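Contents: one structure, followed by commentary.
What follows is calculated from the coordinates using simple rules that are stated; it is not laboratory data. Keep in mind it's a predicted model, so treat the numbers as computed, not measured. Positions of Cβ are backbone-derived with ideal geometry, glycine not excepted, and every protein chain shown enters the neighbour counts.
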Amino acid sequence: MSEKNQQQLLSADCVDRRANQVAIETTYYDLSLIFGNLSQSNGAVSVVHHSMLTIPWTLVPVLAYKLATAMAAHQRTYGKITLHPAGLPPRPDEVLRALPDPPSEEVINEILGLFYHYFGTPEIAVPNGAKPN
């Protein structure tokens with residue numbers, strides 16, 4: 001059945017939660033999205049995770065497409081989404097090259113291209129030389 005013919009319903013036990021942090025875990029079979037909120041209680045900065053959703057890899061491209069189209073529509077209506085440098089993930093090339101068994105430069109450059117696509121070139125992504133992480 002095509003998605004356009006599907007009625008979208010919420011189950012009685014559906015939970016609506018807010019998250020400002022997300023972590024990802026992967027296995028050969030699936031991808032888990034782990035949602036949480038930043039906590040600064042007791043003077044320490046931490047993330048308190050509250051929900052995890054696991055999806056099969058076959059659903060990941062569908063989710064990526066839906067997120068990208070929702071973001072494009074939002075930005076067309078409300079303008080470009082900007083992040084403070086402190087909210088950016090670390091540059092992937094630096095993280096990946098520091099691994100004990102780093103991926104190839106081709107893979108690193110592909111991931112770095114995605115970083116630039118979403119967060120801009122290094123000068124835009126990290127304005128005024130600020131360190132994001």
**Request:** Go through G79, L63, G120 and say which Cα lies farthest out towards the positive end of the charge dipole of the chain; charges sit on Cβ, +1 for Lys and Arg, -1 for Asp and Glu.
**Result:** G79
**Request:** Report ³J(HN,Hα) in whole Hz for each residue of the stretch 37-52, in order, from the Karplus equation J = 6.51 cos²θ - 1.76 cosθ + 1.60 where θ = phi - 60°; Gly and Pro get x.
**Result:** 10, 5, 10, 10, 6, 6, x, 9, 8, 8, 10, 9, 7, 10, 8, 9
**Prompt:** Once fully extended, how much extra length lies between L63 and I24, figured as 0.36 nm per residue of separation less the alpha-carbon to alpha-carbon distance?
**Reply:** 12.7 nm
**Message:** If I model a spin label at S51 and T77 as a point 7 Å from the Cα along the Cα→Cβ vector, what separation in nanometres do I get?
**Reply:** 2.0 nm
**Fill in**
For P(r) over Cα pairs in 10 Å bins from 0, in percent the list reads (i) 14, 49, 29, 8, 0; (ii) 11, 37, 37, 14, 1; (iii) 9, 26, 42, 18, 5, 0; the calculated value is entry (iii)
**Item:** Packing-based ranking, highest mean first, of 26-35, 93-102 given that Cβ atoms within 10 Å are counted
**Value:** 26-35, 93-102
**Complete:** Simple SL model, points at 7 angstrom along Cα→Cβ for L114 and Q40; separation in nm is 3.0 nm
**Message:** Under the rule a/c < 1.5 gives rounded, and otherwise a/b versus b/c splits prolate from oblate, where does the stretch 11-60 land using the Cα gyration tensor?
**Reply:** oblate
